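Quick note: the coordinates plus some simple rules give every number you see, no bench work behind them. Keep in mind it's a predicted model, so treat the numbers as computed, not measured. FYI the Cβ positions are ideal-geometry reconstructions off the backbone, even for glycines, and counts take in every protein chain you see.
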Amino acid sequence: MTERRTAERLLADAETRLQATENLPARLAEVRGWAYNGEENVHVTVDVHGGLKDLRLDESALRLSPDELGAAIVELSYTAQRAALAEGVDILGDALGDAAALDMMRTAGLQPDPDAEVVPYTPGVDPNAHRWRVIE
């Protein structure tokens, strides 16, 4: 049976959760994913929503036909967004817990690391508490 938590512990846990979520929108807005093609002459950077933030074309990329260049940009944008989504889910996982992060990854069609340790989120319970050295 789990130990009953005190009111102080519940308040401290709530404060920790609030701190984890306080800057969440700003942190997610800063997330960027990037990708480049095999020739490394097309480089794309997007935000977590897939919005193009940077496009770098090497002079050699201009030798591609308009259709080839357009297809490369679209494909790289997709790859970059998946990278940004993975980072965004990682940030959300810090606030919501690993189980919620895994659900978000699956919903987004991302493959989680099969070897990653999954610790279910239980409100008010810190899964790392056993690792802390408390000074009283």
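When +1 charges are put on Lys and Arg Cβ atoms and -1 charges on Asp and Glu Cβ atoms, the dipole computed for the stretch 23-110 relative to its Cα centre reaches about 200 debye. The D54 and A26 beta-carbon pair, evaluated with R₀ = 22 Å, returns a calculated FRET efficiency of approximately 0.65. Taking only the Cα atoms of the stretch 23-110, the ratio Rg/Rh comes out at 1.09, with Rh defined as the Kirkwood radius.
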